[in-house]
Every structure is written in structure tokens, then in C-alpha cells.
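Worksheet: the structure to be examined is printed underneath.
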Amino acid sequence: MDFDEVLKEVGSFGLYQKIVICSVLLPAALPCAFHAYSQLFIAATPQHWCRVPELEPWTVDYVQLVKNLSIPRKSGVYAECSMFARNYSDLVRYLEYRPPIDLLRQQAEHLIKTEESVQVVPCQHGWHYDKSIYPSTVVQEWNLVCDRSYYVTLALVIFGLGGLLGNYVFGYLVDLWGRRPSFYAYLLLEIVACAASAFAWNYYSWLGLRFVVGLTVPAILASPYVLAIELVGPERRVFCTIVSNIAYSMGLVVLAGVVYLVRDWRDLSLAVSLPLLMLFSCFFVLPESPRWLMAVGQTKRAIRILKVMARVNGVRVNREFMERLQLRLVSTQAAEAAATAHYGILDLFRGTNMRRKTLIITFIWFANTSVYVGLSYYAPALGGDEIWNFFLAGAVEMPTYLLLWPGLSYFGRRWILFISMLVGGVACVATFLYPDITLLLYCIGKMGISSSFVVLPLLASELYPTVVRGLGMSFSSVVAMIGPIVIPIINHMGQQMLALPLIIMGCLLILGGFASLLLPETRGRNLPQSLEQGEAVPLSCLLCCCMERSNKKTRRPSTVRPKVYQRVERPAVTCKVVCSICKKEMRTL
């Protein structure tokens, strides 16, 4: 007896689930969206130029004149990290006795004409910053520019390292503590660390607190999502996946609005953390997962939650119903206990077929995570209004999910994954050929990666066998978290060539898209339960169909198998493109 049969008794998607998902689980996507990308604005780098103490009195009223006198230009753009090596004291004494502004401008024009003969040196006395967009950022406060600009990239790398470690550690805590306590533990830690970073006294204290925030970001989104999936029946899990991603995209849009209103980095750190304390008001509303309670032997608590669920869903709760519910729970628990076995990561690689699928899924997951995070980090570098660019990056995701919803039911998983990654990858690479429409191509690329980012976890969960499904998903996602560590370095390399990060990310997406064609289609197929059944699911050969359903006439009559994938003997002539993998997989079991 499966627990999904128990959910049918109490309502697998009734009023109870709708209330919990809309009132608690959707707002729970905000902490991840806020804290994953607020650092782009907390550590934003505004325009800057070298500070010259002698010209300081002139800076307030005659900024343009000061720049003309002290800052070299290239193609009409002022240098940010160099200045003229002039005797500014003599220059000021010469100019201060000529108060008419016209005379000052004439003198400045004369100096500009002779600037080619003046020595250029690095900034000697710090920098002035353009505060028209951001009155204060981490970069301004601790002068993280020029030869110290890599400190901004280092902060993103450390944040990614925290996500990698947190995804690994907190993945175990979700199963150890339960879904509800772990979510609120992560939330409290994240709020406290982010709020404390607003009072950081130097760069390294701020960096340490950002590492703590990074620890919680992946896990704080996973806990409510897992709880939502476990509260509904299998036919509504695609819906929960789509709605969860819509809520996350709305969080990005809301973050753009918060940044538009709050520009100071210390105030922004508080603005994206303290309001999230309101989520603790739902502590007694959010239930624990009855599926998890059954798995750890807390049957009485599971029955209490299921009873409330049944009442809210309009199911009549009487003595007969409770007896039938307890009977189903006991049989479910007994079946799960009988099937309990210890599995490890090595089990994902024991069989040839499982090993190939694990490696392909993990590579595609790495490509998706790297490019999604990379494009989100890249938005402020597109030029123009940084906040508007980030708003667009989040807004273009939502129509993608609405189109994806029916597409998954009609067209399957594999082809949508391939097309999404291919379109996103080609759009990113095309920015090198069509730089005038970079923003449009960027939005198309963001739509493609957003689509594939939804399809991949669904496809992976349907390919990994039940006994190692959680382990396989965790392994692939943990390895994929290497991407957010590497991608800030790639973006940093793009300071000299704006399209370089997009080209690298586009090529990675295209490779991942073609790799997805090696995976079999899972739409309408029963999930493999054991490792043996998972091993029996063959790889596909790109455009060649190398698998059949078990109800084909070619099935061996003496073999009785569950209704899952089965490799069958097929003539090689049926496939126009036959690779060595296909030949090996087409053998009769």
C-alpha cells in the first residue's frame, strides 16, 4: 500500500492543501529569492574616479571640470583607476585667482589638449563615487575597486561555497528533524545572519556573515517545496512545481521593487531580512509532513494531521473512516518497513545504465544551475538601469512557466528540456553576433533556462528509482552547486569582453541540451521502484528511439515485470542513427 492511496482517503488536493500552499508555502519562496540575489545590489560597483585632495573644494560644484583636469579619457570615457601626475597645488593656486568660470573652462581645455604629454599614474588618494543610483554600497565603504575589485567576486564565490556546504548538510537535517522545524531553523539563521551583516565593521566580518546566509539559501527553498510535494497526490506534483517556481520569480520581481525603494546597503540588508519574521506567524498553521511522520514511525501524529486534513477537505470523519484510515496506514508502514534497505551513493554507479543516467543528469543539472545563477548575476552588467534589468530578468520567467504547464502534459519532459536549453544556449551565444539586441537575447536566454530548470528536477525524479531517488537528487544538486562558485569568476573575466560570459554559458547550455536527448522520455510511465527496474530503463540514442513499453509483442512471454520501461530486441535497421550505446542497450534482458 502506497501513501498516495492514503491521501486519496482524506483528499489529495482539497481545500486544506490549497490553504497551506497559498498562505505559507508560496510566501516561503521569498527568503531564497531575496537573499540569493540582494548581494548584487549590496555590493554594487558605481562609477568612480580618482580622488585628488587639492581639487576637493572644486568637486562639489565643478565635478566635470575636476575630471577634465585630473582624469585621462579613452574614447570619451573617463578612466576609473588612473589619474594625471600633475602638480595640483600649483594648478590650484594658478586657477583660484581667476574666478570667472569661463576662464577656468578655457584653462581646462588647454590642459586637456596637452594631456597626452602628461604622465598617467594609478589612483593615489582613493576614489570619488557616483552616488546618484546607490548612496552607499559595500564597494564604496571599503573601496573595493580597481586592484581590489576581485573582492566583490570573492564574496560571490564564498556565498556559493556556503550554498554547496549547506545543500549537503541541511539535506540530511530535513530528514532528521522533519520539514517544518528545519525550515524555520534555516529561516531564523538566515534572517539573523543577514540582519547582522548590516552592522559589519569591515569587509571580512561582512564576508563571514554572507557565508552563513549562503549556507541556508538552497535548503530554505527545498524544505517547503518537499513539504508541498508530500502533501498532494502525484497528479498535482507538476502543479506544485510550476507554482513554486512562479512564486520564486515573483520574489525576484519584489526584490527589484525593494531595491528601487531602499538603496543604502545597510538599510537594504535589513529590508530583505527583518520583514521575513512575519513567516513565523504561520508556525502553528504549517503542518509537518504526514508522509515523513509515517517514515519515522510517528503514526499517531500523522493520523491527527490526516484527520484535520480530511475535515477541512469535506471528508466525513466517523469511526468507520478512522478504522479504514488506520488500516491503510498500518499496511503502508508495514510495506515500507519490509522494503527498507540501506543504499549509498555507490549504488547510483553500480549498474552501467544507472551510472550513465546519473552522470548525464548531474551534468545537465550543473549546466542549468550554473547558467541560471550566472544570468541572474549578469543582469546588472547589461548596461542601462541595473534595477530595471534585474526586474526584467525575473519577470520574463513567469510567462514561461504558464506555457510550460500544459506543455509537460502534452509533449513530455525530454523534448521540452532539449528545446529549452537549446533556445537558451543559442540566444546567449548570439549576443556575440548581435550586440545591439543583447538585452532581448538575454531575456530569451533567461526564459529558456528558467523552463529547463523546472523540467530537469521533474525528469530526474522520474528516472531515479524510488529506493535511491532522494539520494540521487541530492547528489546531482550538490554537484551542481559547484556552478555558483565558478560562475562569478567567469563573469569577472567578462569585464573586458561583455559577451564572453554569455558565450561560455550558451555553449554549456547547448551541450547540456544535446545530452538530454540521451535520456528516455518519462511522460505516462510508471516510476521505477528498485535498482533493477531503474537499470532496465535504457538510454535513448539522441533522435533514435531505442526503448519500448513492456506491453509490446516483443516482450518475452516468460518474463513478468511491472509496467515500466523494458529493453527489447529490435533490428538495427529500425534506427537510422545507431550508436554503440544503443547497440548495447538493445540486447534482450
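Tabulated data for the structure shown
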{"quantity": "Within region 361-436, helices (runs of 4 or more DSSP H) holding 1 or more residues that are open to solvent by 20 Å² or more (accessible area, probe 1.4 Å) and within 21 Å of Arg237 (Cβ to Cβ)", "calculated": "397-410, 414-430"}
{"quantity": "Members of region 234-258 found to be of a type in the set (Ser, Thr, Tyr), open to solvent by less than 20 Å² (accessible area, probe 1.4 Å) and farther than 8 Å from Gly394 by Cβ, listed by number", "calculated": "Thr241"}
{"quantity": "Leading residue by the ranking (farthest from the chain's Cα centre (by Cα)) among those in region 1-31 that are closer than 30 Å to Leu156 by Cβ and open to solvent by less than 10 Å² (accessible area, probe 1.4 Å)", "calculated": "Ala28"}
{"quantity": "Lone qualifier among Leu402, Leu392, Leu359 - being in contact with a Cys (Cβ under 8 Å, 6 or more places away or on another chain) and not basic (Lys, Arg)", "calculated": "Leu392"}
{"quantity": "Residue check, Ile482 closer than 21 Å to Leu164 by Cβ, surrounded by fewer than 17 Cβ atoms within 10 Å (Cβ to Cβ) and hydrophobic (A, V, I, L, M, F, W, C)", "calculated": "yes"}
{"quantity": "Flag for Ala228 being of a type in the set (A, V, I, L, M, F, W, C), within 19 Å of Leu459 (Cα to Cα) and open to solvent by less than 30 Å² (accessible area, probe 1.4 Å)", "calculated": "yes"}
{"quantity": "Within region 32-50, considering residues that are polar (S, T, N, Q) and either open to solvent by less than 20 Å² (accessible area, probe 1.4 Å) or without any contact (Cβ under 8 Å) to a residue 60 or more places away in the chain (or both), the one farthest from Ala228 (Cα to Cα)", "calculated": "Gln39"}
{"quantity": "Sole exception among (1) farther than 30 Å from Pro287 by Cα; (2) modelled with pLDDT under 90 for Leu161, by number", "calculated": "(2)"}
{"quantity": "Test for Ser273: is it touching a Leu at 6+ places or on another chain (Cβ under 9 Å), within 30 Å of Cys32 (Cα to Cα), open to solvent by less than 60 Å² (accessible area, probe 1.4 Å) and among the hydroxyl-bearing types (Ser, Thr, Tyr)", "calculated": "no"}
{"quantity": "Set Ala185, Ala200, Ala196: member being in a loop (DSSP other than H, G, I, E, B), open to solvent by less than 50 Å² (accessible area, probe 1.4 Å) and free of Cβ contacts under 8 Å to residues at least 40 places away in the same chain", "calculated": "Ala200"}
{"quantity": "Near pairs, Cβ below 7 angstrom, 6+ apart or cross-chain, from region 299-323 (closer than 14 Å to Ile19 by Cα) to any residue that is among the hydroxyl-bearing types (Ser, Thr, Tyr)", "calculated": "Met309/Tyr16; Val312/Tyr16; Asn313/Tyr16"}
{"quantity": "Residue match in region 112-131 (condition: outside any loop (DSSP other than H, G, I, E, B), polar (S, T, N, Q) and either open to solvent by less than 40 Å² (accessible area, probe 1.4 Å) or modelled with pLDDT of 90 or more (or both))", "calculated": "no"}
{"quantity": "Filter result for the condition that a residue is open to solvent by less than 40 Å² (accessible area, probe 1.4 Å) and not hydrophobic (A, V, I, L, M, F, W, C), over Gly445, Gly470", "calculated": "Gly445"}
{"quantity": "Flag for Pro53 being surrounded by fewer than 14 Cβ atoms within 10 Å (Cβ to Cβ) and out of contact with any Asp or Glu (no Cβ under 8 Å at 6 or more places or on another chain)", "calculated": "yes"}
{"quantity": "Subset tally (residues that are open to solvent by 40 Å² or more (accessible area, probe 1.4 Å) and closer than 13 Å to Trp142 by Cβ) for region 203-224", "calculated": "1"}
{"quantity": "Subset of region 278-302 (residues that are aliphatic (A, V, I, L, M) and surrounded by fewer than 13 Cβ atoms within 10 Å (Cβ to Cβ))", "calculated": "Met278, Val285, Val296"}
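The values are calculated or read from the model by the stated rules, or taken from the named source; none is laboratory data. It should be emphasised that the depicted structure is a prediction, and the values quoted were computed from it without experimental measurement. For neighbour counting, all protein chains shown are included, and Cβ atoms are generated from backbone atoms with ideal geometry for every residue, glycine included. Please note that ligands, DNA and RNA were not included when accessible areas were found on the heavy atoms of the full protein model with its side chains. Shrake-Rupley method; radii C 1.70, N 1.55, O 1.52, S 1.80 Å.
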